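The block underneath contains the structure these notes are about, expressed in C-alpha cells.
The values are calculated or read from the model by the stated rules, or taken from the named source; none is laboratory data. Values in this document were obtained by computation on a predicted structure and should not be read as measured data. Reconstructed Cβ throughout: ideal geometry from the backbone, glycine too, with neighbour counts over all protein chains shown.
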Amino acid sequence: MYLTYEGIFGVTLSVSSTFIYLFILFSAFLEVCGAGEFFNDLALALAGSKRGGPAFVAVIASALMGTLSGSAVANVATTGSFTIPLMKRVGYKPHFAGAVEAAASTGGQIMPPIMGAAAFLMASFLQISYVKIMIAAIIPAILYYFAIAANIYLEARKLSLRGLPKEELPSLKEVLIKKGYMMAPLIVIMYLLLTGRSPLMAGFGGIITTILVSYIRRETRLTLRKLLKAFEESAYSILQVGIACAACGIIVGVAAVTGIGSVIAYSVIQISGNVPLIALFMIMATCIILSMGLPSTALYIIVATVAAPSLIKMGILPLAAHFFVFYFGCLSNLTPPVALASYTAAGLAGSNPTKTALAGLRLTLSSFIIPFIYTFNPMLLAQNISLLPLLQQIGECIVGIIALAIGTTGYLWGEIRTWERVLFIISGILFLIPLKMSSIYGIVLFSLLIIKELWRR
C-alpha cells in the first residue's frame with residue numbers, strides 16, 4: 001500500500017497535492033480578500049426583497065461559496081451563521097431555515113465550475129477533460145437548485161411571508177461597483193478552462209487575479225497579515241483533505257490489488273437479477289451509507305471505487321455512472337441518520353436535528369430522482385445531445401419538480417387536501433420517470449389537478 005502507485009501514493013494523493021491544494025489556496029485568497037462578504041451582499045441585493053427573500057439569499061450565497069468549498073458542513077457553518085437568522089427573522093420556522101441552508105450548501109458540491117474539487121478527481125478517474133466534467137454538471141445543478149427554490153417560494157406563500165425591507169438591503173448597483181471586481185478571478189478560471197488550459201494553470205491564474213484585483217480598493221487589499229492567514233487556512237484545509245485522500249488511497253489500492261470492486265459489481269448484478277432499476281436503487285443506498293460524514297473529495301473516491309464499476313459493467317455510460325454515485329454520495333449530507341449538514345444547520349437554527357433533516361429531504365425530494373434520469377438518458381449530462389429532446393426532457397423535469405413541490409408543501413393557490421398532495425407527488429414522479437408513457441400520464445394527471453384547483457378557486 002505504501003510502496004506502489006496503487007495505494008497511498010496513488011491518483012488520490014496526487015490529485016489532492018496538486019489540483020485540489022491549488023484551488024483550496026485560491027478559495028483561501030478569495031475569502032481573506034472579502035469574497036464571502038461580496039457573495040452575501042450580492043445575494044441580498046438580488047433576492048433579499050423578494051417574497052421569503054432570505055431563503056433565496058441562502059441558496060445563492062451557498063451555491064457561490066459551495067462550489068469553492070469541499071465540505072457541505074463547512075459551507076453551512078460559514079454562510080448559515082448569516083442566512084439562518086435572516087430566514088427566522090422574516091417568519092420561516094427554525095427547522096425549515098436550517099433545512100434550506102443545509103440543502104443549498106450540499107448542492108455546492110455538485111455546482112460547477114469547481115464542485116468542491118471533486119471534479120478534478122473525476123477527470124483523473126475517467127481520463128477525460130475537466131471541461132467535459134464541468135459542462136456535464138450544469139443541468140443537474142440547475143435542476144437541484146430550482147427544486148429548492150420552488151419549495152421556498154411555495155412555503156413563503158403558504159406562510160404569507162414578505163422579504164426584507166429595501167432600505168435594509170444593499171443596492172445591487174453599489175455592490176457591483178464596490179466589489180464586483182471580486183468576480184474577476186472566477187471569470188478568469190472559467191476562461192482558462194474553456195480555452196483548453198490545464199486546471200493547474202486555471203487555478204494559478206485565479207490566484208494571481210485575486211491578488212491583483214484585491215488592490216483596487218483599500219478594504220480588500222491583500223496585506224501581509226491576510227497573506228499569512230490565507231496560507232494558514234489553506235494549510236489546515238489541505239491537511240484534512242490530504243489525510244482523507246491518503247486513507248482513501250488504501251481503499252483504492254485494496255480494490256485494485258484484490259479485485260474486490262469487480263466482486264461487488266458482480267454481486268450487485270446477480271442480486272438485482274441484471275435489472276438496471278433495482279441495481280441503481282442498491283447502488284444509491286450503498287453510496288449514501290458509504291459517504292456519511294465525508295467531504296466531497298473523500299466520498300467521491302470511495303463511491304467511484306466501490307460502486308461505480310457495478311453500473312459500468314451493466315452498460316451504463318462511465319460519466320453517468322460516476323455522476324450517479326457522486327450525486328448520492330453528496331446527498332448523504334442530508335440523509336439521516338448521519339445528516340451532518342442538516343445537524344450543523346439545526347445547531348445554528350436552534351431546531352430539532354431530525355426535524356431539520358427530514359425538512360431537507362423534503363426540499364430535495366426530486367433530487368433523489370434526477371440521477372436516475374441522466375443515468376438512463378445522458379442528454380442531461382450534455383452527452384449525445386439532440387436539441388428538441390433535450391429541451392423536452394428539461395421541461396418535463398421542471399414541471400415534475402413543481403408538482404413535487406406543490407405536493408410536499410401542501411399549497412398551490414391555497415391549502416390543498418392530503419389526497420390531492422399525494423396525487424401531485426405521483427404526477428411529479430411520473431414526469432421525472434424517463435419513459436414516454438409515464439410523461440403522458442403525468443401531463444394528464446397534473447393538468448386535471450390544476451384545472452380542479454382553478455375551478456375551486
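Structure data summary
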{"item": "Out of S234, S160, sole residue that is in a loop (DSSP other than H, G, I, E, B) and of a type in the set (S, T, Y)", "result": "S160"}
{"item": "Leading residue by the ranking (surrounded by the fewest Cβ atoms within 10 Å (Cβ to Cβ)) among those in the range 248-283 that are closer than 26 Å to L22 by Cβ and in contact with a helix residue (DSSP H, G or I) (Cβ under 8 Å, 6 or more places away or on another chain)", "result": "I251"}
{"item": "Residues of the range 308-356 that turn out to be closer than 14 Å to I288 by Cα and small (G, A, S), as a count", "result": "5"}
{"item": "Residue pairs meeting the criteria (Cβ under 6 Å; at least 6 apart or on separate chains; first free of Cβ contacts under 8 Å to residues at least 40 places away in the same chain and not assigned by TED's automatic domain parsing to the domain that holds L227, in the range 14-40; second crowded, with 23+ Cβ neighbours inside 10 Å and among the polar types (S, T, N, Q))", "result": "none"}
{"item": "Among (1) free of Cβ contacts under 8 Å to residues at least 60 places away in the same chain; (2) among the basic types (K, R); (3) more than 25 Å from I301 (Cα to Cα) - the single one R197 does not satisfy", "result": "(3)"}
{"item": "Single match in I401, I369 (criterion: closer than 21 Å to L435 by Cα, buried (at least 17 other Cβ atoms within 10 Å of the Cβ), β-branched (V, I, T) and in the same structural domain as I450 (by TED's automatic domain parsing))", "result": "I401"}
{"item": "Within the range 172-210, considering residues that are over 28 Å from the mean Cα position of the chain (by Cα) and of a type outside the set (K, R), the one surrounded by the fewest Cβ atoms within 10 Å (Cβ to Cβ)", "result": "I177"}
{"item": "Residue in the range 149-157 that is among the charged types (D, E, K, R), out of contact with any Pro (no Cβ under 7 Å at 6 or more places or on another chain) and under 30 Å from E415 (Cβ atoms) present", "result": "yes"}
{"item": "Residue ranges of helices (runs of 4 or more DSSP H) in the range 375-457 with at least 1 members among the aromatic types (F, W, Y)", "result": "418-432, 436-456"}
{"item": "Exclusive hit being part of a helix (DSSP H, G or I) and either of a type in the set (D, E, K, R) or modelled with pLDDT under 75 (or both), set F38, F23, F29, F19", "result": "F19"}
{"item": "Matching residues in the range 284-299 - criterion: being outside any loop (DSSP other than H, G, I, E, B) and either surrounded by 21 or more Cβ atoms within 10 Å (Cβ to Cβ) or at pLDDT 80 or above (or both)", "result": "M284, A285, T286, C287, I288, I289, S296, T297, A298, L299"}
{"item": "Only one of T375, T364, T354 that is without any contact (Cβ under 8 Å) to a residue 24 or more places away in the chain, on the phi < 0 side of the Ramachandran plot and among the hydroxyl-bearing types (S, T, Y)", "result": "T354"}
{"item": "Breaking point among (1) buried (at least 24 other Cβ atoms within 10 Å of the Cβ); (2) under 30 Å from R225 (Cα atoms); (3) not small (G, A, S), for T12", "result": "(2)"}
{"item": "Residue check for L3: modelled with pLDDT of 75 or more and assigned by TED's automatic domain parsing to the domain that holds Y300", "result": "no"}
{"item": "Flag for F323 being buried (at least 22 other Cβ atoms within 10 Å of the Cβ) and either not aliphatic (A, V, I, L, M) or not assigned by TED's automatic domain parsing to the domain that holds G242 (or both)", "result": "yes"}
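Residues checked against (1) surrounded by fewer than 19 Cβ atoms within 10 Å (Cβ to Cβ); (2) more than 16 Å from I60 (Cβ to Cβ):
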| residue | (1), (2) |
| --- | --- |
| T106 | no, no |
| M111 | no, no |
| A123 | no, yes |
| I128 | yes, yes |
| I133 | no, yes |
| A137 | no, yes |
| Y144 | no, no |
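Conditions tested, residue by residue: (1) at pLDDT 80 or above; (2) farther than 30 Å from I208 by Cα.
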site: S124; (1), (2): no, no
site: I142; (1), (2): yes, no
site: Y153; (1), (2): yes, yes
site: S171; (1), (2): no, no
site: P185; (1), (2): yes, no
